[in-house]
Structures are given as C-alpha cells and as structure tokens.
Amino acid sequence: MTDITSLRPLFAILVSAVAIPVILSLKRRPNVREGVTITVAVAKFAIVASMVPGVLSGMRYVFSFGQLATGIELAFRVDALGLLFGLLASLLWIVTSFYSIGYMRGLDEHAQTRYFASFAASLASAVGVAFASNLLTLFVCYELLTVSTYPLVTHDETDEARAAGRKYLAYTFGGGVAVLGGTVLVFVLAGTTAFTPGGLEGLVTADPTLARAAFALLAAGFGVKAALMPVHSWLPDAMVAPTPVSGLLHAVAVVKSGVFGIARVVLDVYGTGTMEQLGVGLPLAAIAAFTLLTASIIALRQDNLKRRLAYSTISQLSYIVLGLGLLHGQALTGGLLHIPAHAFMKLTLFFCAGAIHVETHTDDISDMAGIGKRMPLTMAAFAVAAAGMAGIPLVAGFVSKWYLVIGALSLESGGLVFAAALLVSGVLNIAYFWPIVYQAYFESPEGHDEKPLIGGPLGGRDEVRVDGGEDHESGAADGHSDEGEVPKPEHVDHLGKHDEEHEHHGGPPAGGWDDRGWRGGESTWFMLGPILTAATLSLLLGTVPYTAVFLRIVDTIVGNLPGVMA
C-alpha cells in the first residue's frame with residue numbers, strides 16, 4: 001500500500017462541520033437552509049467518492065495534525081475499510097436530506113433548523129469515525145457522534161424523548177468509557193494504537209490475559225452502539241425520534257459506527273491470527289448469534305412498526321458481528337458487505353414507516369390492513385426491502401447472507417451451529433415481515449384477521465398485548481400507567497401526542513382507505529423519491545454487487561488481510 005498525504009480526508013469531515021453555523025443562521029429562510037444542506041451533502045459525497053479509484057488501486061489518503069504526546073497521534077486515513085463506511089454514510093445523507101424536507105414539512109415540525117444542523121454535525125462525526133487512523137482518534141469521533149446525535153434523539157422534547165435521550169447517553173457514554181479503557185490497555189501492551197491490517201505485532205507477544213481484557217473492553221464498548229445484547233435496550237426506546245433520525249442514524253451512522261469499531265478491532269488492531277490465538281473470536285460470534293435470534297423473536301411481538309424495525313435492526317447488526325467473529329474470509333466478506341446491504345434495506349423500511357405516519361398517522365401494524373390501496377408504491381418498496389432482510393435472492397441481503405452462510409459452513413468446528421442460526425433468523429424475518437406486506441395488499445380493514453404470532457395467547461397467558469406486555473388490571477393494556485398521565489412511547493406518535501378522540505392513533509378512516517393509484521398520489525415526491533431510491537440501491541447491490549462498487553471495496557479489505565482463509 002502507498003500512503004499519500006492529502007487534505008481530502010480532512011475536507012470530507014469539515015465540509016459538513018463548517019455548514020453547521022451556516023444552517024443555524026438560516027432559520028428564517030428554510031428554502032435556503034435546506035438548499036445548503038443538500039449542497040453540502042452532495043459535496044461531502046463527491047469528496048469521499050473521489051478517493052474510491054485510488055483506494056481500490058492500493059493507495060491510502062492520510063492527513064495528520066501531529067502527535068499530541070509520545071506515540072499518540074491525531075490523524076485521519078482513508079483505507080478500504082474506512083471508505084466502505086464513509087462512502088455509505090455520505091451517500092445516504094443525500095437521500096435522507098431530501099426525505100427530511102418532506103417529512104419535517106409534512107408534519108410542520110418545530111426546531112427544523114436545529115434538526116438539520118444536528119444532522120450535519122452527526123455526519124461530520126460519522127465520517128471522522130470512518131477515517132480515523134488509530135484507536136484514539138476513533139474514540140474522539142465516536143464520542144462526538146454521541147453528543148451530536150443526542151439533540152436528534154430528544155427532538156420531540158417530550159418526557160418520553162428526554163427519557164430515551166438520557167438512556168441513550170448513559171449507554172453510549174458508558175460504552176465510550178470501555179473503549180477508552182481498552183485503548184489505553186492496547187497502548188500499554190503494544191506501544192501504539194495505529195490501525196494495521198493483520199493486527200498490531202505487540203499484541204502477539206503480550207500477556208494473553210491482558211490482551212483478552214483489552215479486547216473485551218473494546219468489544220463491549222463498541223457493542224453498545226452495535227446493540228449487542230444485553231446492552232441493546234437504548235435502541236428501541238430511541239425510536240421516539242423522528243423517522244429520518246431512526247433511518248439514517250439508527251440504520252447507518254450510529255449503529256454502524258459500533259459494528260465499524262468492532263471491525264477495526266478485529267481486523268486492524270488484533271488481526272484474525274491473534275484473535276484465533278487468544279480464542280476471542282468464538283465468544284464474539286456466540287454473542288452475535290444469540291442476539292440475532294433473540295431480537296428476531298422479540299420483533300415478532302411488536303405491533304408498533306418502528307419498534308419492530310428497531311428489534312430487526314438489533315438482529316441484523318449481529319449478522320455483521322457474527323461474520324467478523326467467525327474469522328473466515330467468506331464470512332468476513334459477508335459481514336462487511338452486510339454493512340451497506342442492511343443500510344439500504346433498513347433505510348427503505350424506516351422511510352416507508354415515516355411516510356405512512358405522515359400521510360395516515362398510522363403507527364401500529366394492526367391498523368394497516370388494506371393500506372396498500374392507499375400507499376401502493378410505499379408498500380411495494382417495503383416489500384422489496386423486507387424480502388432482502390429475509391435473504392430472498394435479487395435483493396442486497398441475499399448476497400451478504402450467502403457469503404455468511406458459506407463462510408460458516410467452511411469452518412472446521414461449530415460452523416453448522418452458526419449456519420443454522422443464520423437460516424433460522426431468515427425464517428423469523430419472513431415471519432415478522434410477511435404479515436405486514438400480506439395484510440397491506442390482501443386484506444381489508446373489515447376482513448382483517450388476527451395474526452397468531454403477534455396477538456394470540458402464548459405461553460398460557462390469557463391476554464397478551466401486541467407490544468409484548470401483559471394485560472394488568474392497572475390499565476397498562478391501553479398504554480397508560482396507573483396515573484394515566486403519560487402514554488408509553490409505542491402508543492404515541494413521534495411527537496409524543498396521544499390521539500384524544502380515538503383509542504388507537506391512526507388507522508383507516510371511516511369508509512376505508514382511499515385508492516391513490518400507482519402514480520405517486522399517495523405522498524409528496526420529497527418522500528417517495530428517497531424511498532424508491534433506497535429500494536433501488538437494495539436491488540442494485542443484490543443484482544450487480546461489483547458494479548455497485550461496495551463488493552469491490554469489501555474484496556479489497558479482505559484481500560489485504562494476511563493469513564485469512566478464502
């Protein structure tokens with residue numbers, strides 16, 4: 001590899017950071033403010049994309065602020081792994097910026113200027129995470145990402161939003177402390193924290209107990225944002241945020257920073273050889289397998305669409321971690337490719353949920369029978385992304401999961417167990433996505449039947465709430481506490497407003513859903529355009545993955561790793 005000193009890594013980070021005060025100054029000129037947002041998003045993507053040919057040909061773009069202390073450098077470096085995350089985040093910021101205009105204006109949201117400024121700050125931090133050249137720089141950007149996304153999580157300023165924000169900070173700052181502890185221990189053991197393909201030489205001869213402890217701290221710290229169980233519960237609660245936030249930050253920037261951090265630790269701090277020598281790969285894979293199965297089962301019981309998507313995200317993120325933990329070339333390829341695959345598919349799903357909310361004020365799956373008549377294009381895109389999440393061919397999820405299963409089956413021991421977990425999870429994906437698509441197109445509100453996996457009596461309990469809780473005499477079944485003052489997040493819209501005239505918020509109007517046809521009359525094109533774009537990206541990655549460039553980047557990453565079995 002050839003290192004080239006360049007300002008492009010710095011510019012890719014600063015272009016959105018510099019835009020923050022500009023966006024804040026345009027509070028009274030929303031059209032200009034949003035024009036600036038889109039312009040900056042395009043510029044950011046163009047800078048990142050300009051480095052793709054060089055990285056694929058073996059170059060690394062480097063920028064350094066110099067050493068802060070002996071052996072501690074604040075520097076950025078664009079290699080193949082960083083480019084994978086940076087290209088994805090910058091591309092999808094463009095799509096989400098257009099969607100945000102339709103969503104925020106469609107709901108006549110408050111604090112829109114703060115929202116767009118926080119998004120710019122979040123993308124600056126996310127690309128900083130992507131291009132960090134060592135663990136210390138990664139830690140700094142990782143913590144900045146937490147700070148910049150907090151205003152987005154608490155955007156609604158309700159009690160529910162503030163509670164979700166406090167939980168988010170507690171979990172992610174706690175994870176950050178673990179990352180810092182692991183970074184310090186790695187520096188003590190290896191004398192450096194610089195990312196090196198194949199791992200740091202000092203860790204090979206270090207005390208195995210201390211090396212395992214450092215790995216545990218780093219994996220646990222990054223595992224918080226990767227939503228590995230048992231440190232996952234902040235993610236479903238954070239769904240109280242506006243849907244574009246849930247889409248980009250919880251399908252791309254925040255959660256992907258967690259799995260990206262784990263990827264850096266596995267590939268460029270420890271290396272697959274040291275991981276195997278220390279015996280830490282198998283426990284990591286086992287935690288991921290447990291998480292992906294358990295989260296899928298919990299998703300079956302969620303009636304609120306965004307909460308079901310949240311638990312699906314927890315499951316899907318663990319596919320990536322599982323691929324990293326297996327330490328096999330094809331499993332690594334599948335895990336890394338699932339980073340963009342999951343992003344395209346899950347962004348589509350969240351965008352669809354947001355469009356349904358804006359246009360029909362419907363949030364619960366049980367209220368969506370026949371909604372395909374009202375929103376045919378939206379639900380068609382939802383069906384495509386859902387099929388990909390289940391691993392159906394021709395959509396992105398199939399390609400990444402194919403590599404994962406083949407990689408698992410190639411292991412000498414334990415591979416069948418992990419392959420079985422992947423296949424069972426795919427079946428569970430069908431179980432919690434298919435009823436949504438089926439009832440949208442093939443049922444009507446009058447002929448809607450109860451889904452036994454969702455609402456039927458399970459485990460001997462007489463009555464089970466659709467969100468997984470039990471019905472108690474205290475009145476919890478209708479989403480209220482004993483005091484009856486504040487509805488739970490899953491029974492309110494993202495603004496925390498409860499429908500005072502009806503027991504359930506949203507649902508079909510009297511007389512059933514309107515027939516809007518297939519020409520886009522269901523919503524504004526500021527929302528439909530991004531939905532169809534994200535769905536199309538899912539199909540492109542599933543049909544022509546090399547042309548879509550992401551698989552080429554992943555092959556470059558894995559190909560540069562010494563000692564990895566193909």
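The values are calculated or read from the model by the stated rules, or taken from the named source; none is laboratory data. On a predicted model such as this, the values are computed, not experimentally measured, just so you know. Every residue, glycine as well, gets a Cβ built from its backbone with ideal geometry; the counts of neighbours run over all protein chains shown. Ligands, DNA and RNA are stripped out before the accessible areas are found, and what is left, the full protein with its side chains, is counted by its heavy atoms. Shrake-Rupley method; radii C 1.70, N 1.55, O 1.52, S 1.80 Å.
Look at segment 4-20 and say how many of its residues are surrounded by fewer than 16 Cβ atoms within 10 Å (Cβ to Cβ) and touching a residue at least 40 places away in the same chain (Cβ under 8 Å).
Total satisfying the criteria: 3.
Can you pull out every residue in segment 333-388 that is of a type in the set (Asp, Glu) and in contact with a Ser or Thr (Cβ under 9 Å, 6 or more places away or on another chain)?
So the first thing to find is which residues in segment 333-388 are of a type in the set (Asp, Glu), and the list is 359, 363-364, 367.
Glu359, Asp367 - these are the residues of segment 333-388 that are of a type in the set (Asp, Glu) and in contact with a Ser or Thr (Cβ under 9 Å, 6 or more places away or on another chain).
Residues to consider are His328, His338; find the one that is within 21 Å of Val255 (Cβ to Cβ) and touching a helix residue (DSSP H, G or I) at 6+ places or on another chain (Cβ under 9 Å).
Working: His328 fails: within 21 Å of Val255 (Cβ to Cβ).
None of the others qualify; the one that does is His338.
For segment 21-39, which residues satisfy the criterion of being open to solvent by 20 Å² or more (accessible area, probe 1.4 Å) and within 25 Å of the chain's Cα centre (by Cα)?
Ile38, Thr39
Test each condition in (1) touching a Phe, Trp or Tyr at 6+ places or on another chain (Cβ under 7 Å); (2) closer than 30 Å to Leu322 by Cα for Lys373 and report the one that comes out false.
(2)
Could we say that Ala46 is surrounded by fewer than 16 Cβ atoms within 10 Å (Cβ to Cβ), within 25 Å of Thr348 (Cβ to Cβ), at pLDDT 90 or above and in contact with a helix residue (DSSP H, G or I) (Cβ under 9 Å, 6 or more places away or on another chain) here?
On the way: surrounded by fewer than 16 Cβ atoms within 10 Å (Cβ to Cβ): yes; within 25 Å of Thr348 (Cβ to Cβ): yes; at pLDDT 90 or above: yes; in contact with a helix residue (DSSP H, G or I) (Cβ under 9 Å, 6 or more places away or on another chain): yes.
Taking the combined requirement at face value, the residue satisfies it.
Counting just the residues of segment 518-544 that are in a loop (DSSP other than H, G, I, E, B) and open to solvent by less than 20 Å² (accessible area, probe 1.4 Å), which one comes out modelled with the lowest pLDDT?
Going through segment 518-544, the residues in a loop (DSSP other than H, G, I, E, B) turn out to be 518-524, 544.
Still in the list and also open to solvent by less than 20 Å² (accessible area, probe 1.4 Å): 520, 522-523.
Numbers: Gly520: 85, Glu522: 88, Ser523: 88.
Ranking the candidates gives Gly520 first.
Where in segment 206-253 are there helices (runs of 4 or more DSSP H), lying wholly inside it, with at least 3 residues that are free of Cβ contacts under 8 Å to residues at least 60 places away in the same chain and within 19 Å of Leu284 (Cβ to Cβ)?
Numbers: elements: 208-225, 234-237, 243-248.
It comes to 208-225.
Across segment 139-196, what is the total count of residues that are part of a helix (DSSP H, G or I), modelled with pLDDT under 90 and open to solvent by 30 Å² or more (accessible area, probe 1.4 Å)?
1
Kindly indicate whether Ala75 is under 26 Å from Gly191 (Cα atoms), open to solvent by less than 10 Å² (accessible area, probe 1.4 Å) and not charged (D, E, K, R). Reasoning before the result, please.
Working: under 26 Å from Gly191 (Cα atoms): yes; open to solvent by less than 10 Å² (accessible area, probe 1.4 Å): yes; not charged (D, E, K, R): yes.
Against the criterion (under 26 Å from Gly191 (Cα atoms), open to solvent by less than 10 Å² (accessible area, probe 1.4 Å) and not charged (D, E, K, R)), Ala75 qualifies.
Could you grab me the full set of residues in segment 385-399 that are buried (at least 23 other Cβ atoms within 10 Å of the Cβ) and assigned to a helix (DSSP H, G or I)?
Narrowing segment 385-399 to residues buried (at least 23 other Cβ atoms within 10 Å of the Cβ): 385-389, 391, 395-397, 399.
If the condition is that a residue be buried (at least 23 other Cβ atoms within 10 Å of the Cβ) and assigned to a helix (DSSP H, G or I), then Ala385, Ala386, Ala387, Gly388, Met389, Ala396, Gly397, Val399 are the ones that fit.
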